[in-house]
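Please read the structure below before turning to the comments.
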Amino acid sequence: MKVVPIALMLAALLCTSAAQPAEDHETARRAVERGELLPLSRILAKAEKEYPGRVLEVDLDREKDRYYYEIEILLNDGRVIELTYDGRTGELLDTEIEDD
């Protein structure tokens, strides 16, 4: 599976606005240290194993005190799937095949 370099994805993942990328990065890093958020590498490894293809996009969303990873993958059969994982447990919460 070809994966966009982790550093680039992490930078894109953690930057919700150009004005505060350092704060967002630090917030996520501290959440990982506190055990509130699994490292992106663990979630990506799980997604790659279960859904072979090419990672197109990764987003980190936060709702109150919960984090969610959203990973978009171009599957080997040409379909695009969006996966939503619980950021704390790594549980796959939702899969959605995009219709385009």
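What follows is calculated from the coordinates using simple rules that are stated; it is not laboratory data. Bear in mind the structure is a predicted one, so any value in this text is a computation, not a measurement. Neighbour counts run over all protein chains shown; Cβ positions are idealised from the backbone, glycine included.
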Sparsely packed GluC sites (Glu not before Pro) within region 46-100, loop by DSSP, other Cβ within 10 Å at most 14: Glu91, Glu98
Residue-by-residue Karplus 3J(HN,Hα) for region 49-66, coefficients 6.51, -1.76, 1.60, Hz, glycine and proline x: 5, 7, 9, x, x, 10, 5, 9, 7, 9, 10, 10, 10, 10, 10, 6, 9, 10
Amide H within-cut-off set for Arg88, under 5 Å, with H built and near neighbours excluded: Leu38, Tyr67
Residues Ile81, Ile73, Ile97, Ile43 arranged by fewest to most Cβ contacts within 10 Å: Ile97, Ile81, Ile43, Ile73
Simple label model, 7 Å out from Cα along Cβ direction - Glu26 to Asp65, nm: 2.2 nm
Interchain or long-range residues, amide H under 5 Å from Glu57's placed H: Glu72
